[in-house]
Structures are given as C-alpha cells and as structure tokens.
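Following: one structure in structure tokens, then a few remarks.
What follows is calculated from the coordinates using simple rules that are stated; it is not laboratory data. Keep in mind that what you see is a predicted model, and the values were worked out from it rather than measured. Reconstructed Cβ throughout: ideal geometry from the backbone, glycine too, with neighbour counts over all protein chains shown.
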Amino acid sequence: MRQAEMNLENLTILPSRMILRRNADNFSTLFLGNDVRYKLNNFATDILKYLILKLSEDFKITLCEMSSELNQPINSVATFIEELEKLGILGFNFKPIMPPQGLGKRIRCVDNKSPISLEWLITGCCDSNCCYCIYDKYRMENGKELSTSEALSLVREIADSGVINVTLSGGEPLLRKDIVEIIRAFYEFGINIRLDTNGINLTKRLLDNLLSFQDTLKISISIDSLDPETNDKIRGFVGCTSRVIQNIAKIKDYGIYTNISTVLTKLNANIPTMIKLCNFLVDIKVEEWTIAFVRPFGKGWDNWESIGLFAEDVPELTFKLMDLSKEINRPRINFIANPASLEQLVQDNNFNFQFLRICEDCQGEGFLSVKPTGDIHTCLFLPNHLTKVGNVREASVIDLWNKAKRTFPLEHLSFSSMAEKCLSCPYLVFCKGGCRANALQTQGSLNECDILTRDRIEIAKLWLSNGRPEIKNLSNI
Ligand code: SF4
Ligand code: SF4
Ligand code: SF4
C-alpha cells in the first residue's frame, strides 16, 4: 500500500497474539505466536507502543497525528506501518476483527525485568517409563503437588511477572485432570504454551477442547522410532507406539502446531530408523522435529552404558541429520547445529552459536523452572543447593525471580566467569562455556570442559568441511 493511500481509520491489529517486551534502553522484542520474534529499535518501539495505546482507545488515528505526536517524519512512520502490514501484524481496509476492549488479550506489553520463559513440571506422575527420563527423580520427591486452585493462582502470578513462553511438562501433563483449565487460564493471559506430552492420552475430546487455544498452543510429542518394538522398549510402555502414531496424525487433522521430539540413544540412532521417521513426519506435514542426543541425567545417566552416545559415535547419522535439516523445510528440523548458522560461522566467524546450549537459562534471557510441588529452580540439572530459589506457596513468582537474580546469579554458568580452561579455549566464542551441569555430571567439576558441547562443535566443523567421517576420539565419559 502506498503512503498516500494509507487510511489509518481502518487500521487494525490482526488476530495474532503478540507480546512486546520493552528493554531498559527502549529497544524491544516483539514476540509473535510461539516462535517468531522481531527486534525493534527505539523508533519502531515508540510507534508500536503508540499504535497499541491508540488502537485500544480509538480506531481513528491519522498519519499526521502520529508523526507529530512522535516527533518523527511522516514517511518513516508510514514505512514502518507498511512493514508491520507485510509481517501480518497490522491490517487495513476491513472492519476491525477485535473490538478495542479485546485488544488487551491480543497484545501484552511487558518490561525487561521479567523472566521470558518458564518450564512447569506440572506433575510427577507418568504412565511411561522411558530409559532416559531426566525427570525420573521428581517422582520420588516428597510433598503435595499444587492443587487446581494453587495452579490457577500460579498462572496469574506467572502472567503478572511478564513471562512470555511457558512449557508444561512433567511427568506426563495430560494425567492432570485440570490440564485444560490450566491451559485456558494461560490462554486468557495471552501466554504462549508448549505442551510436552508422551502422546498416549491425546483423546478426541481433549483435542476438541485444545482446539480453541490453537493460536498460542504448540503440542510437542515424543517418539523415538516408528518401529513398535524399539519405541515401546525405549518408552517403557508396551503398545504405546501405535497409539502415539495415530495421535500425531490426529493432531495434524486438527491443524494444531506440532513438534515431534526424538531422543537419540544407542537403541535408535541409526540412519534407516531416522529416515523412516522423517518420511512419516514429512508426509503428515508436521511443523517441527526436534532431535537431541540423550542427556547424562536421571535415568539417562543410570543407563548410560546401554543407551548413552555422542555425536562422534554416530558420525554418518549426525551428518545425515544435518544434511536433512538443510534440505527439508517442513518439518523444520532442530538438530544439534543449525547449518545456516554454521555456514555463517565459516564465513565471518561471528555468529550466534546459542543453539549449542541445552536450554535457555544460561543465555541470560531469563528462565525459571517450577517443579510439581511448587519449588522454583534456576536450572533443573545442577544440584538443588545451587539452584533452588524457594516455593510458590511461600512467595510470589516475581519475588522469587528477583531473589533468583540476587542469590543465584549463576556466576558459575555465565560467560564472564567460566572455567579457567574455557577462557583460553578456541571454541569459547561459539560454546560460551557449554553447559555447566553437563560438565559437573560428566567430569565431576563445574570448572571442567563440557565435553558434550565440545563434541558437537567438533562434529559440526567436520560436517562443514565435508571431512566426514574420520572422527577423532574425544574424552570418554
Ligand atoms: S514420558 Fe517423559 S516424564 Fe514420562 S518417563 Fe518418559 S521422559 Fe519421563
Ligand atoms: S566447555 Fe569446553 S569446549 Fe566449551 S569453551 Fe569450555 S573448554 Fe572450550
Ligand atoms: S547449566 Fe546447563 S542445564 Fe543448567 S541452565 Fe545452563 S545450559 Fe541449562
């Protein structure tokens, strides 16, 4: 649309969920749905804030008014509005979809003092018995899980604290009878939800209920092989595989955004198994496929002898998956390394290697975990005395978050003060010290190298140089 034709009287915000997170310097990040985020400079932030404010009160704004109130040239304002239109954030020339009072649910503005993401292990109960379950220990923990009313007040506190993305995991979250009620409560606050499930209990009735939360909901289902014998064995549930396969297809019929989560162990890490799974996911048009190597925690650590492996142990498969992640658009493959970024690495040696991280906490964006009994942690894999902040029954989420920042600055995890050997390591710029929990678990010290992350960098470099598959031996666990 050309500027002269722009009729702001008919401007509206399209019905996608958005969260504008303002930073202290007035730059901001705009979160759209579960995955898309845009960085906005202070000029764009001002315009968007103005639009949100104005559109909440009154749909009549003119370009001239905007330009003079914001003290910005009219052309710049118009160009930015056009960009928002192209991104599907604003629309013109049709009747507003949402009444002004509904906008609060579509758009939230939060400040940068809040955590961005939170994982809530909503129950310790599970009907599977996976050989690599990292949450296994939580089933043994004493204490009463949060009741429905406690859970619903926690949802409000999480929303009040400004959290943008929540992962509901467990245990198996669908075993909570109030799960739909909890997801609805998050939906009302416009919070993006990822529901991590083993996929066994996804009934039609449940999907009918979840359908109305589609615009903020992503369902993530675990499957490690299409072969029932292999997958049933890994998941410790005889007969689960056929049910899960049917349920994945069912979700796709509903059109709900789906991620498939696959853990590579000695039991399934081979090319035929992964290609068969990949073909299935392509056929049914799953949006995302996340593939990770087994982590050395919980039962994964107990069973390491029989299931544990590194990327270097299966170089051909690793290379194959990296190739696929470059070739296939749907599903988008989230594997250990993002090839586009790796190419960037090679080109200018200046790219973001954060995908080598296991989780979001150490990226400094703000991450908290809530256990089934309401304990809040800054990391689920380091010992409790380094990470437990308190319990939501005793303090609010925002107070616990502020305490976490004061008491657990995660100095042992941060880029600036990592292990001595990291500071002189040639991989530091990519690895940023890896995962300290991995280092502690596998090497017995927070100050040692995280050999799992180092292994991925080695293998990624080999893949880039096409130097496959002569892999040198790294340290053994
Ligand atoms: S489904 Fe998840 S919580 Fe349950 S046993 Fe498997 S990994 Fe653990
Ligand atoms: S964790 Fe290992 S690979 Fe990473 S920076 Fe430290 S020493 Fe280097
Ligand atoms: S130490 Fe590892 S597991 Fe813990 S928050 Fe950091 S990257 Fe995640």
| What residues have an amide H closer than 5 Å to that of Thr290, excluding those fewer than 5 places away on the same chain, when H is modeled at 1.01 Å from N in the peptide plane? | Ile260, Ser261, Thr262, Asn334
| Quick one: Karplus J couplings for the range 273-280, per residue in order, coefficients 6.51, -1.76, 1.60, θ = phi - 60°, nearest Hz, x for Gly and Pro? | 4, 6, 5, 4, 5, 4, 4, 4
| query | Residue by residue, what Karplus-based ³J(HN,Hα) values in Hz, rounded to whole numbers, does the range 255-267 have, using 6.51, -1.76 and 1.60 with θ = phi - 60° and x for Gly and Pro? | reply | x, 7, 4, 10, 10, 9, 10, 10, 9, 8, 10, 4, 7
| remark: A correct fewest-to-most ranking of Glu305, Glu150, Glu172 by other Cβ atoms within 10 Å would be Glu305, Glu150, Glu172
| request: Report, by chain and number, residues whose modeled amide H sits under 5 Å from the one on Leu380, excluding near sequence neighbours (fewer than 5 apart, same chain). | output: none
| field | Nonlocal amide H pairs with Gly390, under 5 Å, H built at 1.01 Å | value | Ile376
| With θ set to phi - 60° and the Karplus curve 6.51 cos²θ - 1.76 cosθ + 1.60, what are the ³J(HN,Hα) couplings of the range 195-206 in order, to the nearest whole Hz, using x for Gly and Pro? | 9, 8, 9, 7, x, 6, 10, 7, 7, 4, 4, 5
| Mean Cα-pair separation over length for the range 168-324, i.e. relative contact order, pairs under 8 Å, 6 or more apart, % | 19 percent
